[in-house]
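The values are calculated or read from the model by the stated rules, or taken from the named source; none is laboratory data. Bear in mind the structure is a predicted one, so any value in this text is a computation, not a measurement. A quick note on method: Cβ atoms are made from the backbone with ideal geometry, for glycine too, and the neighbour counts reach across all protein chains shown.
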Amino acid sequence: MSLPSLAEVEHADWPTLQRICADLDLNPKGRSGLVRTRVLDHVRRRMRAPPWRAAPEHQAALLTRLGFPDAATGLWERVIRLDAPAPWVGYGAARLAAGEVEEATKAFDRAAQMRDAVAHLYRAEALGARGDLVGAIRSCDAYLEGNLADLRALALKAGFLSRGGWLDESIAVLEFATEAHPGVSDLWRGLGVMLLKARRTKPAADALRKAAKLDASDVPGRLNLGSALLLSGRPKDAIGSYREALELDPSHVEALNNLGVAYLSMGQLKSALVNLERAAKHVEAPAILLNLAKTEEIAKRRREALKAYERILRIRPKDARAKAGRKRLAGRPKPSARTTKARKRTPRRRRKTTSTRDASRKRRKPRKSQ
Amino acid sequence: MIGTTDDAKDRYLPSVDRLEDAMRAGMRALDAGQPDEALERFNLALKLKPEYDAAWLARGHALRQLKDSEGALQSFAQALRANHESEEAWLALATTLRGLGRRREEVEAYDELLKIRPRSVDAWVNKGAALHELKSFRAATACYDAALAIRPEHAPAWNNKGAALLRLHDEAGADRCFAEALHFDPDFFDAIVNRVLLLQRRGRHGEVVIWTDRALRFREAAWLLYVKALAHLGLLEGTLAVKAFERALELDPKFQEAKEGLREAKGLRQRVDFFRGVYECFGTHEAGDPGCEECEISGRCREVSP
C-alpha cells in the first residue's frame, strides 16, 4: 500500500484510521488520538527513509535464524512495544525456537489481538508444536477468514488435520487448495500422499500424475505415483513410473527397491532380484535386505536368502522377521549344502550352526505330535 | 616554464599562497580530530596574517577541543577585534563563557550580537537559555517570544519557553508550548522529556508511560526508566513496573531509588498486577472517544485515568 499523506492521517475519521492501521500493519487498538499519533509516526519515519542499518529488531530476526534464540529473545524484549504487532511475532518466533512454546503462543496471541493476520499462522505452528491440533486448526481458520485461498495456511491446516487423524477433512482442504492453486506441484503431491494414506489409490494416482507433470524433475513424486499404481493393481504402470524415477536418478535406492517389488508382484523374479541386489549394494538397509531375502527365498535360492537374513541380523541383531526367516530356512535343511557350508565355516560359526540344528529339531517335534 | 613561475610570482604574494594552504591544512586536521596539528597550522597562518579573524576563530575552536577554554576565549576575543560583526565569533565567545560558568558575560555577549544582528534567532534562544540558568525566567520567556516572532516554527524555542513557564508555575502554558514544540518536531527528545516531567507532576500516569516509551526510543536512560516504572506503579501494573526498575538498575546498578522502587513493585505484584494487553494508552481514558468505546479494558482504564 502507498503511504497516506500526513494531512490525510491528521483528518482521518475513526474507521479510516483503522483501515490505515490494518494496511500499514499497525496496532489499531486504543484511544483515537494515540492511534493517530502511531500512524503519523510511522508515516514520518517511512517518508524520511534513513539509510539502512541493522537495528536491534533486524539483528534479533537474524539471530533467531542463525540458531541463537536466547540472544534474539533479549533483543526483541528491548524493542517490542504496543504500537505494532510485528515485533511480537518476532519475539514469539524466537521463543518458539528456544522451545518455550507457551511463551511463544502468548506473544503470537498478543500480535493476533492487534489484528495481525499472519500471527494466527505462527500461533497455529506453536500450538501444533505443543500438540494442540484443534487449536492449531482454529488458528489456521482464523487466518483463512481473511485470506481464503492462502497457500501456506491451507497447507498448514491440511497438515494439522492429517496429524490429528482427520484424513478426509485434510483431503478436502487439499482438494480446495489444488483448485485455487492448480499450478503448485507440491500441493498435488501432498494430496496424492494423503489419498494414498486413505487407501484411495486411484484418485491418489491421478493427483500424483498431475504433480509429476508439473515438476519433471520430481523423483519422490514419481515414486509415490508408482506406489499408488502398484496398490491399485497396475504393476506395469508402476514399473514405468519407477523407471522414470531411475532415469532421473539411476542410483536412487528407494526406486530400485520399489521397482524390484513391482517386478516381484508381476512374477518376474529375475528382474526383481537384479533391482533389489542393486538397491542393497547402495544401501544396506534392513527393509531392502528383507525384500531381497524374501525374493531369494521365493526364487528358491536358499543360500543367498540365508545370506541376506544374516546381513540383516548383523545390522539389527534382534530383527524378528530376519530371525524367523533364518529359522525357517534352517528348518528345511539340504544335507549336502549344509555339510559343505559347515566345513567351510570357522569354529565359531560352526557352533551357531549347531544351535540352529537344535532349534530345527525342536520345531520338528510338534509336527510329529500333530 | 620559467615564464609561468614568474607569472605566478606576479599574481600572488608568496605569504597569501602559504596562508591559504595553512588554513586548509588546519581545517582538515580539525575535522579529523587532530587539534594539536590544527593549532600549529592556525598559528602559522596568524604569523603570516596576524589580523585574520577566520584564523583566530579556528584557533579558538582548536583550543576548545584541547580543553583550553581561557585560550579559546582569548582567540575569539581577537577574532572579534579583527571583525566586530562576526556572528560566528560572538556565538563562539558566548558558548565559551557558558562553559566557564560566566553566565552574565555570556548574556552580555548575546546582547552585543543582538545589537548587530537583532534577527539572530540563535542569539535570542541562547540568551533565553542563559537567562533561564540565571533563574530570570520572565526575561528568558521574553527572549523566546522574540525568537518565535521571527521564526514561529522554531521547536527548541517553544520547548525552552515551555520549560521557563513550568518554572513560573504556568503548567497550562508550558503544556501548550511543549505541544507546539512536538508539533514542529515530533522526535524532539528534550520536549518529550519536559512533557514527561509535566505529566508526572500532574499525576497522569498513563500519559507518562506513553511519553517515556517515546523518549526511550531515542535514548535509554536509567532515570527515564525509573519515571516510567513509577507510572506503572501508579497504574497498578506490578510486572511492568518490576521490568522497568530492573532495566533502570541494569543501566545504573547504584540507582538507590530504583532499588527501593523495585522492592515496592515486587510487593505490589503480589497484591495486584494489571495486564494492559495491547492497549498502549492504558490509563488515559477519554469519554466519547471512538477508540475508548471499543476498548476491552475500558472499565479498569477508567478507574486509573485521572
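A few remarks follow.
- Inside region A:311-327, residues that are part of a helix (DSSP H, G or I) and buried (at least 16 other Cβ atoms within 10 Å of the Cβ) make up a count of 6.
- Complete set of residues in region B:281-300 that are more than 8 Å from chain A (Cβ to nearest Cβ) and in contact (Cβ under 8 Å) with a residue 40 or more places away in the chain: B:282, B:283
- Residues of region B:81-108 classified as of a type outside the set (Lys, Arg), part of a loop (DSSP other than H, G, I, E, B) and over 19 Å from the mean Cα position of the chain (by Cα), total: 4
- Among the candidates B:57, B:131, B:66, residue that is outside the structural domain of residue B:33 (by TED's automatic domain parsing) and of a type outside the set (Ser, Thr, Tyr): B:131
- The requirement of being closer than 25 Å to residue A:183 by Cα and either surrounded by 17 or more Cβ atoms within 10 Å (Cβ to Cβ) or modelled with pLDDT of 90 or more (or both) is satisfied by residue A:226.
Residue-wise test of (1) farther than 22 Å from residue B:225 by Cβ; (2) assigned to a helix (DSSP H, G or I); (3) more than 10 Å from chain B (Cβ to nearest Cβ).
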| site | (1), (2), (3) |
| --- | --- |
| A:29 | yes, no, no |
| A:36 | yes, yes, no |
| A:58 | yes, yes, yes |
| A:71 | no, yes, yes |
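- Scanning region A:41-53 turns up no residue that is at the interface with chain B (Cβ under 9 Å from one of its Cβ atoms) and buried (at least 21 other Cβ atoms within 10 Å of the Cβ).
- Filter result for the condition that a residue is within 16 Å of the chain's Cα centre (by Cα) and among the acidic types (Asp, Glu), over B:111, B:185: B:185
- Lone unmet requirement of (1) within 14 Å of another protein chain (Cβ to nearest Cβ); (2) free of Cβ contacts under 8 Å to residues at least 24 places away in the same chain; (3) under 30 Å from residue A:129 (Cα atoms) for residue A:66: (1)
- Candidates B:227, B:278: the one that is within 13 Å of another protein chain (Cβ to nearest Cβ) and either closer than 21 Å to residue B:216 by Cα or surrounded by 18 or more Cβ atoms within 10 Å (Cβ to Cβ) (or both) is B:278.
- Cβ-Cβ under 6 Å pairs, at least 6 apart or on other chains, region A:127-144 side farther than 19 Å from residue A:116 by Cβ, far side among the β-branched types (Val, Ile, Thr) and assigned to a helix (DSSP H, G or I): A:129/A:101; A:130/A:101
- So residue B:237, is it without any contact (Cβ under 8 Å) to a residue 24 or more places away in the chain, within 14 Å of another protein chain (Cβ to nearest Cβ) and within 25 Å of residue A:84 (Cβ to Cβ): no
- Test: residue in region A:91-104 that is within 14 Å of chain B (Cβ to nearest Cβ) and under 14 Å from residue A:25 (Cβ atoms): no
- Counting the residues of region B:109-128 that are surrounded by fewer than 22 Cβ atoms within 10 Å (Cβ to Cβ) and not hydroxyl-bearing (Ser, Thr, Tyr) gives 10.
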